[in-house]
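Okay, structure first, notes after.
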Amino acid sequence: MAALLGVFLPRLRGLLQRCWGRLERGLFPGFTGGQSPPWGPALAVQAPAFLPEPISDSRENDEAPSLFDSILWMAAPKKRRTIEVNRCRRRNVNKLIKVKRNIDICPECGNLKQKHVLCGYCYAKVKAETRLIRIEIGKKEGGPFNAPTVETVVLYDGEKPTEKDEGKRIIERARKRPSWFVQN
């Protein structure tokens with residue numbers, strides 16, 4: 001073990017001395033007489049992966065490289081936009097909310113709605129009635145996989161099946177037919 005350390009320690013010592021010398025030459029170039037690398041403050045700039053280097057340098061050799069030599073200059077406005085120009089751009093007629101001219105009153109409930117569009121309030125009532133009809137269908141069938149392959153007819157109070165309804169599945173509701181639910 002001691003013989004192994006006797007061979008290994010001088011090599012490790014030489015490696016550490018060489019690394020320390022490189023570090024001193026890199027960090028303190030004025031003391032050792034070496035040339036200073038072109039290091040400067042770090043600046044993050046969005047630019048291509050490589051920047052072309054100038055072929056000939058017109059500066060004197062003793063002048064340090066400038067921080068601005070490696071920056072890719074981006075486009076910048078020459079003058080400040082005035083508040084009038086900003087307001088004209090922001091309040092442009094094309095960006096404003098358009099006034100709707102197709103608003104109508106729902107004949108069923110009296111709420112406002114767009115023409116040729118179902119009223120939102122009436123749609124909620126239709127959705128609730130449809131859910132109740134589906135519950136009745138589920139009770140009658142006993143499950144989703146027992147559905148017959150025939151058409152379904154919904155009958156309300158006071159309605160009788162016609163001869164067209166022969167052979168169809170009939171669901172009876174114990175209430176008056178809503179005005180918006182038309183009978184076929």
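Numbers at a glance
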| quantity | calculated |
| --- | --- |
| Boolean, Val153 is surrounded by 12 or more Cβ atoms within 10 Å (Cβ to Cβ) and among the β-branched types (Val, Ile, Thr) | yes |
| Residue that is farthest from Pro107 (Cα to Cα), among those in the stretch 167-184 that are hydrophobic (A, V, I, L, M, F, W, C) and in a loop (DSSP other than H, G, I, E, B) | Ala174 |
| Residue count for the stretch 138-166, restricted to those that are at pLDDT 80 or above, of a type in the set (A, V, I, L, M) and in a loop (DSSP other than H, G, I, E, B) | 1 |
| Counted residues, the stretch 106-139 - those being free of Cβ contacts under 8 Å to residues at least 40 places away in the same chain, within 38 Å of the chain's Cα centre (by Cα) and surrounded by 14 or more Cβ atoms within 10 Å (Cβ to Cβ) | 4 |
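Let's see how each residue does on (1) assigned to a loop (DSSP other than H, G, I, E, B); (2) surrounded by 10 or more Cβ atoms within 10 Å (Cβ to Cβ); (3) at pLDDT below 65:
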| site | (1), (2), (3) |
| --- | --- |
| Gln46 | yes, no, yes |
| Pro52 | yes, no, yes |
| Trp73 | yes, no, no |
| Lys79 | yes, no, no |
| Cys88 | no, yes, no |
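The values are calculated or read from the model by the stated rules, or taken from the named source; none is laboratory data. Bear in mind that the values here come from a model prediction, so they are computed numbers and not experimental data. Positions of Cβ are backbone-derived with ideal geometry, glycine not excepted, and every protein chain shown enters the neighbour counts.
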